[in-house]
Structure formats: C-alpha cells, structure tokens
Amino acid sequence: MAERNLVEAINLALARAMTEDPRVVILGEDVGRDGGVFRVTDGLLERFGSERVLDTPLAEAAIAGVSVGLAAQGFRPVAEIQFMGFAYSTIDQLLNHASRLRTRTRGRLSCPMVLRTPCGGGIHAPEHHSESGEACFTNIPGLRVVVPSSPKRAYGLLLAAIRDPDPVVFLEPTRIYRALREEVADSGEAMPLDSTFTLREGRDVTLVGWGAVTLDLLSAAERLAVDGVEAEVLDVATLVPLDAARILASVEKTGRCVICHEAPLSAGFGAEIAARLAGPGLYSLLAPVERVAGYDTVMPLPRLERSYLPSVERILAGARRALSHA
Amino acid sequence: MPKRSIAQFAVDYTQYLAPDGSALGPLPSFAEDAANLVPLYRGMVLTRAFDAKAIALQRTGRLGTFASSLGQEAVGIGAASAMLRDDVLVPSFRDQAAQLWRGVSALELLLYWGGDERGSDFAGPREDFPIAVPVASHAPHAAGAALAFKLRRERRAVLCILGDGATSKGDFYEALNLAGAWHLPLVILINNNQWAISVPRAAQSAAETLAQKAIAAGVPGEQLDGNDVLAVRERVAAALARAREGGGASLVEAVTYRLDDHTTADDARRYRDDAEVSRHWENDPVARLRAHLVARGVWSRAEEEHVLAETARGGEGSRSLSRDSAPAGRGHVRLPLRKAAPGNAGRARGGGRGRKVPWLSAISWRRSIWPSPAR
C-alpha cells in the first residue's frame, strides 16, 4: 500500500470519484493544465479530459454559482477556490442558493456540490492566503462543513462529500498538505460525514480541534503524558453536522476540555462546542472550558503568524489551567 | 500613425410595432398569421390580471410583499413564448409572466408570495429554477445549467431574466463572461424597466445601452422595444435558437417601464413624478398589441369582454384566499401540491383533517384562459 500525503490522498479521492461517477466534474482556477496551485488536481486533466476538469475564468462567485447550476442539472461539481481568502465571495452563492435549493424547491432540485478550498496558516503565504474562515460557513444551515486532518481521513471524507446529495464545504489545511504521510488504500470507502474521530484516548482532559491543530493537540498530549496526564484527543472533522455526542461523552469521562482552533477566538466554532458543553455537558465539567485560538485580529503577515497560531505551548497552558481546578 | 481603431461595435435595436399598434415595417414570420398573436395577448392580459389580483390580496392582508410586473408583460410573455419546453428558465422575482406562460400555476405563485412553503415548488416545468430574490445571483446558475446542456450535448438553451439594476452586479458580468468564454447555450434577458427601486437607469450605469455590456464579454448584445411583444419574441427566439445550435451566449436588453411601485412595500411617489408614469402609460404594451390585433381583424370588443370576464371569474374565486386561510401548520406544509395535475392545483385539498386548502379553489385561471405552455 502506498504512503501518501494529504494532497495525494485528495487527488486519489478525486480520481476515484471521477472514475466511479461520470457526473463528477472539477472546476476552478488553474485546476487543469497547472493541476491546481497546490497540485491537488495534478494529472486529472490528462486523465479525464477538458470536459471534466474545467479551468474557469478568474471569478469565484461564478465558480460557486455555476456549480449550483450544474448540480441542479444532475452533475456533481467539485469546485476549487484557490485560497480561503478568495472563498468569501462564494458565500452569497452558498448561503442564498446552494444550501437552500433543496428546501426552496421542496426537493424538486438539489445541490450536490463540493466546494474545496485550502485553509489555515503556517506556510508563510501572502496576505489573504492563511485565513481560517470555517465559522463563516458553519452558520449556514443546509451546508456541511468538513476539515480533514490526515491523508486517510481526507480521502474518506472527500469521497463522502462528493457522494453526499447536498452541498459540502471541504476545507484543506495547507500546513499539513505535505507534513505527514500515511498509507492510504484506494478502497473507495467513504467515511461518515457526521463523526468526530478519537485520535487518542485518555481520562484526564479532552483536547478538541480540527484540521492542522489536531497534530498540535497530539503533540501536547505526548507532553502531558510525560507528566502522567492522560489527554484524550478528538478530531471534530465534520463541524456541521456536529457530533456533539462524542465530545460530550469524552468530557463526561475527563471533566475538562480544551478547544483549539486557528480562527479568531470570538464567535469561532469553538464557541459552539463550548455552548454545548455549558448546556448538556454542564454537570460533567470539573473546570471551565478552555479555548485556545487565534486572536481577534487580522491574520498577520508571515513573520508573525507563529505568534498568532495556537502552539503546543499554548495548548499545554490551556490544559494546565483546566487541570488546576480540583 | 501612432493610433488606430482596432475594433468597432454597434448595438442593434428592434421594434416592429409603433405604440399605436401599427406596423413599422415587415413583421416577423410568426406574426404573419395574426391568429398566432392572440395567445400572446391573452397571456399579457392574464399577467396583468394576476398582478392586480395579487396586489389586491396584499392590500387586504392576505399576501406578503409582492413585485408587480405592470407594464412589462410583453417582456416575460414574449421571451417565454420564444422558449421550447425543454429549455430552462432561470427567473428573477418579477418574472411571473414568463413563469405563468411556462406552466407554473397562479395558485403556486400566490402560495409563495402568500408565505406558504408549498408555493416553493411548482408542478409545471420541472427543471426551471425558482425565482431568485438576491438580484443577479442567479445568472451563474443559468450559466451552470447551460454548461450541463453543453457537456451532455443536448440541444437546449437556458433563459435567464434579470433587471437593469442586476447588470450593475458582478454576478451578472461573471456569468456572461464565463458563458462567452465557454460558448454556453445561454441567453440573458435584461428587463430594463428603468428603475431599480428608487435608482433610475441613468444613475445605474454610464453605459449608453445595457446591451453593450455584452461587448466586454465577447457575446452578441442587442436592444429591443420591451413593450413590443413581437420584438421580444422574435429576438429572444433568435438568440435561443443560436444558443441551441452551438452559437453560444447572448445578451438581450428589453427596454420597458415599471408602471407600478417596485413592490407593494414601496411607494414610488417618493422618488419619481406621476407625470413620468402617466407618459409611460401611453406606451402600454397591452394596449399596443390590442390595437394591432383589432386593426388586423382578429380581436373585437366581444372577445376582449370575454377575456376580461374570464379573468374576473378567476379573481372572484380567489376570494377564498381570505378569511378561512389558516397559517400553514405541519400537515399543510407537507401537502404535496404536485400530486394535483398542473392547472388543477386549485382543487388540491389541504391538511390531514380534510380542511380545504385556503388558497384558491379560485385560480382556475390557467386552466380556463391560459394558453398552452410553450410549444
């Protein structure tokens, strides 16, 4: 079995989906001959031809809107937006149309599209290329929001997203595009689009995150283990619909929770998890819920991004605050 | 010679009938037999009656905010009558004329504007899109549906209708540009009714015509008299035919006038003179076609009275929209309207408790006087 990084795993899933289903088409800027700016669609034009891998004009709203029209006509478009900073102009299409087409037509038309876009910082990219805007999408009813954190999960979750009958936003953390490799079988097996994954079991504190920070959570758990603290690490993976039951069950066991994301703290998706914990999870809590997140400022230019992003040290500090409560 | 002209453009304008209904020259072939024009006239009259009824229902608290198409009936009827059944309509919120012609029932439209979820679908043209309210955001959907036709090698075209204000938005240009670059079977029809709520056409764009926005996208663009249903039908038909035959996208600007408020929530007297509106009443598209039909001997007072009586009967029935109209509960919301045959929806029964659907036992309009959907 071949070891693959996240980029290769996504490419593998795209090729698999296109092979299985002639309705799947890819469209976006530079996705064809160039294979995408991160090379995610590398080789797909050669393999599937220019009617299935479409280089669009430079127009993000049109990429999303054309996908709505294609999907309503029975295609399964997989649209790529080059960077998160350029994905915001698709929100009108996602919010006003893609997410509600099924409801708006009482099921007569639907919108089985996937909108892929890189997300997150840590690769010294220019301005507007390092945002973590997931919360802009999670508040749109009718939209699934998925963030893979490993090549295997990227493969299985993307297949599920493409096969899903409704629109899915698929956010790919650039920091781990090539940071890790693991064996990914081209099994064609999708993973559930409503599950939080337990990456490490523990009984003392729950560390919750998604995307690239899950690797930091795992590192923090290693460090805590040295001190005899057993941390449980959860990868939310699908933010909407949220598998709150898994998180609540973990916190019922540990009594303490650190939520981590790169996006700004206030009104970030961590706030939703904290609210769930403050509701049905309240009597499980032995300590206040800790949130370790980006700051409520503009994402800085690359020289400061390491100060901005949640680090293993900040996660450890959060965990220790949670553990300090008797 | 340091400078030279490297490209020249022109924008054509089409008009067949003068405001008094007389022919300005040879008529398009479909108009040679005047009987062919009668269904267009009936469609325009019915649209006007529908709008009047909807406004009356809104004024009496039985409908929510509603956008009338008064004065623009020729745009929707002319364009929809130029479509084939397999073409797809991607309408905006003022396109009831085109929707009615395509086979969406008056009942379904009134359900929607009445705030009833059941109005979100229609039994008619199953691939037509729902109306788009956000303005111009539907233009890319039309391009996407056109791309689907092209990829499947189907000889079908998409008609997207939007307003003059919509041409100021990026979505309009993004869709038109992409459709041009990809030679998509798409026609975008601008219902230029001169007013985007309170902003007049002159303040919307410095462009001399809106049709010329096609030039930047590299597609044919033309203007026509939107109060001349013959011009609308003939030019839209030509653009759709070109699209179906692989000739790519085009832009058609129909110049008309919004005789009514933007919606029932608007009061146009705040920003435009009654005198201007009165002037435009002299250019009424319905009166123009009626005069033409009368002059050609295919329309008489008796026929006019017959049509008016039919619409009045439809209107009377719709009074049952009224008092017994209960808010739609769960059972109501789930009522599958599509089980009712098109044109028969007024007979649908609502709720699980044998309650009558409040919405119009009424609108048998479509059944009685509506011309058969696009041929």
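If the cut-off is 15 Å between C-alpha atoms, which aspartates and glutamates fall inside it for residue B:150, apart from same-chain ones fewer than 8 positions away?
A:51, B:86, B:87, B:245
Any idea what the relative contact order of region A:197-323 is, in percent, if you count C-alpha pairs under 8 Å spaced at least 6 apart?
Contact order relative to length: 28 percent.
How do B:13-26, A:140-153, A:270-283 rank on mean C-beta neighbours within 10 Å, highest first?
A:140-153, A:270-283, B:13-26
Taking chain A as a Gaussian network, Cα atoms linked when under 10 Å apart, which of A:12, A:309, A:58 shows the biggest mean-square fluctuation?
A:58
Treating cross-link reach as a plain straight distance, find the aspartates and glutamates whose alpha-carbon is under 12 Å from the alpha-carbon of residue A:253, omitting any fewer than eight places away in the same chain.
A:201, A:204, A:230, A:232
Name the shape class, rounded, prolate or oblate, that the alpha-carbon gyration tensor gives for region A:197-323, where a ≥ b ≥ c are the square roots of its eigenvalues, rounded holds for a/c under 1.5, and otherwise prolate holds if a/b is larger than b/c and oblate otherwise.
oblate
Please report, in whole Å³, the volume per residue of the convex hull around the C-alpha atoms of region A:208-276.
84 Å³
Which FRET efficiency value, to the nearest 0.05, is calculated for residue A:47 and residue A:2 with the Förster distance at 22 angstrom and r the Cβ-Cβ distance?
E between residue A:47 and residue A:2, to the nearest 0.05, is 0.80.
Where both partners of a DSSP beta bridge lie in region A:197-323, what percent of those bridges are antiparallel, to the nearest 5?
Antiparallel bridges: around 20 percent, rounded to the nearest 5.
Give me the dipole magnitude in Debye, nearest 20, for the protein assembly as shown about the Cα centre, with unit charges on the beta carbon: positive for Lys and Arg, negative for Asp and Glu.
About 1980 debye.
So which GluC sites (Glu not before Pro) in region B:172-273 are both in a DSSP loop and have at most 10 other Cβ atoms within 10 Å of their Cβ?
B:208
Helix-only mean residue ellipticity at 222 nm, the protein assembly as shown, DSSP H runs n ≥ 4 weighted -39,500 (n - 2.57), per residue, nearest 500. What is it?
Calculated at 222 nm, the ellipticity per residue is -10500 deg cm²/dmol.
Which whole-number percent of Cα pairs in region A:3-183 have a distance greater than 30 Å?
In whole percent, the long-distance tail amounts to 10.
Mind ordering A:243-249, A:109-115, A:211-217 by average Cβ neighbours within 10 Å, highest first?
The packing order, highest mean first, is A:211-217, A:109-115, A:243-249.
Once you sort the root eigenvalues of the Cα gyration tensor of region A:42-97 as a ≥ b ≥ c, which label holds: rounded (a/c under 1.5), prolate (a/b larger than b/c) or oblate (the other case)?
The shape class here is oblate.
Round to the nearest 10 and give me the degree value, 0 to 90, for the angle of helix A:6-20's Cα axis relative to the longest principal axis of chain A.
40 degrees
How shielded is A:90-102 by partner chains, expressed as the average number of their Cβ atoms within 10 Å of its Cβ atoms?
Rounded to a whole number, the mean comes out at 3.
What does the average come to when, for each residue of peptide B:130-141, you count the partner chain Cβ atoms lying within 10 Å of its Cβ?
Per residue, the number of nearby Cβ atoms from other chains is 6 on average.
Bear in mind that the values in this text are calculations on the coordinates, not laboratory data. What you see is a predicted model; the values in this text were computed from it and never measured. In this analysis, Cβ positions are derived from the backbone assuming ideal geometry, glycine residues included, and neighbour counts consider all displayed protein chains.
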